[in-house]
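Novice: Mind having a look at this structure? Questions to follow.
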Amino acid sequence: MLSRVRVVRKIMIVCLLSMSAYIGNALALEPEHEMRRLMLATETAVKAESWGEASEYLSRLQQMETGKPADYLYYRGRVMLESGHLNEAQSALEGYISQAGAQGDHYTAALTMITRVEKARKREKSPTNQVTPAESEPVAVIEPAGEASADQLRELYLVDSEAEALVMHLNALLSNVGWRADQRIKRLDRPADISYRVSRNNDSLNIQEARRETNGRVARTTESMTVFGVNPAIDWDCEPAAAACWIYDPRDGSRLMQLAENQGAASEIARTLGRLIRTMQNNN
């Protein structure tokens, strides 16, 4: 009788574990649905001007490999503008206009925010830096992301360490400048032919390259770079003939990343990568 009770208990435990696994899997949304959920959450946070929440949702969206709608770039541009990161704001807003065109729901708003960025740049360069009544609307303070303080970066990406924030910032920059053989294709649902993602592992950086083949398959390769002894001054260059910019490997000067032709983005990526390397060297 006792053995029969034990058998029944074991069966019940197995059933409960199976039900828990099933419920857990049921609660895990497929990527396209999770992407849509996060987009809705971002939209709600932006409407409520809850910039911290919006930044968190955008960071989670950034890490998803699922194709994102053009509105993702609009909301990213708006949050970056409110956070005072004008380089990223302008890049994202211009990307939105390129993707969505004049028919986009936020076309007029995006153009208006790009004008705000322009005004902020002029205002910062003004020797008097005084606000006139015609320009009394709040504008973001100019501060290139590569030179933002550690506290600002941690606050922007809602993380505890400067190195982690720099990794997230670097990936955000890289996500907007994937290289395409056909420069006419700039839709977010058509991934770039060559793209990159960086991760950190102790004292090393892992640089993953995703290269789209002619049959549509994506080949991924990862190169590891130990930061010890590496010069954090990263070189970059753009070649209009190839419609590409290059980030050079600080170890031997070879080409490390092939990006879309965007000098401002290439400069920012090189500066951010160098700062990440320097931060990891100092932490160790």
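The values are calculated or read from the model by the stated rules, or taken from the named source; none is laboratory data. The structure displayed is predicted, hence computed values, not measured ones. FYI the Cβ positions are ideal-geometry reconstructions off the backbone, even for glycines, and counts take in every protein chain you see.
Novice: In this structure, does THR115 turn out to be more than 25 Å from ASN171 (Cα to Cα) and modelled with pLDDT of 80 or more?
Specialist: For THR115, the condition - more than 25 Å from ASN171 (Cα to Cα) and modelled with pLDDT of 80 or more - is met.
Novice: Ok, one more. Quick one: is ASP235 among the acidic types (Asp, Glu), in contact (Cβ under 8 Å) with a residue 40 or more places away in the chain and touching a strand residue (DSSP E or B) at 6+ places or on another chain (Cβ under 7 Å)?
Specialist: Here the answer is no, as ASP235 does not meet what is asked.
Novice: Moving on. Starting from the range 89-115, take each residue that is within 20 Å of ASN262 (Cα to Cα) and outside the structural domain of ALA260 (by TED's automatic domain parsing) and list its partners that are of a type outside the set (Lys, Arg) and not in a helix (DSSP H, G or I), counting only C-beta distances under 6 angstrom and pairs at least six apart or across chains.
Specialist: The qualifying pairs are SER91/ASN176; GLY95/ASN176; TYR96/ALA70; GLN99/ALA70; GLN99/LEU188; ALA100/ALA70.
Novice: Out of (1) out of contact with any strand residue (DSSP E or B) (no Cβ under 9 Å at 6 or more places or on another chain); (2) under 28 Å from ARG76 (Cβ atoms), what's the single condition that is false for ASN201?
Specialist: So ASN201 meets the others, but not (1).
Novice: So, in the range 217-255, of the ones that are in a strand (DSSP E or B) and among the polar types (S, T, N, Q), which residue ends up nearest to PRO191 (Cα to Cα)?
Specialist: THR221
Novice: I've got another one for you. Among the residues of the range 206-227, is there at least one that is buried (at least 18 other Cβ atoms within 10 Å of the Cβ), out of contact with any strand residue (DSSP E or B) (no Cβ under 6 Å at 6 or more places or on another chain) and either of a type in the set (Lys, Arg) or under 23 Å from ARG278 (Cα atoms) (or both)?
Specialist: yes
Novice: Can you go through MET64, MET80 and tell me which one is part of a helix (DSSP H, G or I) and of a type in the set (A, V, I, L, M, F, W, C)?
Specialist: MET80
Novice: Just for the range 244-276: of the residues that are among the hydrophobic types (A, V, I, L, M, F, W, C) and closer than 16 Å to SER149 by Cα, which one is surrounded by the fewest Cβ atoms within 10 Å (Cβ to Cβ)?
Specialist: The extreme case among them is LEU276.
Novice: Okay, moving on. Just wondering, is there one or more residues in the range 86-95 that are farther than 21 Å from ALA165 by Cα, of a type outside the set (Val, Ile, Thr), at pLDDT below 85 and surrounded by 12 or more Cβ atoms within 10 Å (Cβ to Cβ)?
Specialist: Checked the range 86-95: at least one residue is farther than 21 Å from ALA165 by Cα, of a type outside the set (Val, Ile, Thr), at pLDDT below 85 and surrounded by 12 or more Cβ atoms within 10 Å (Cβ to Cβ).
Novice: Would you mind telling me which numbered condition in (1) closer than 25 Å to ARG271 by Cα; (2) at pLDDT 80 or above; (3) of a type outside the set (Asp, Glu) ILE142 fails?
Specialist: Condition (2) is where ILE142 drops out.
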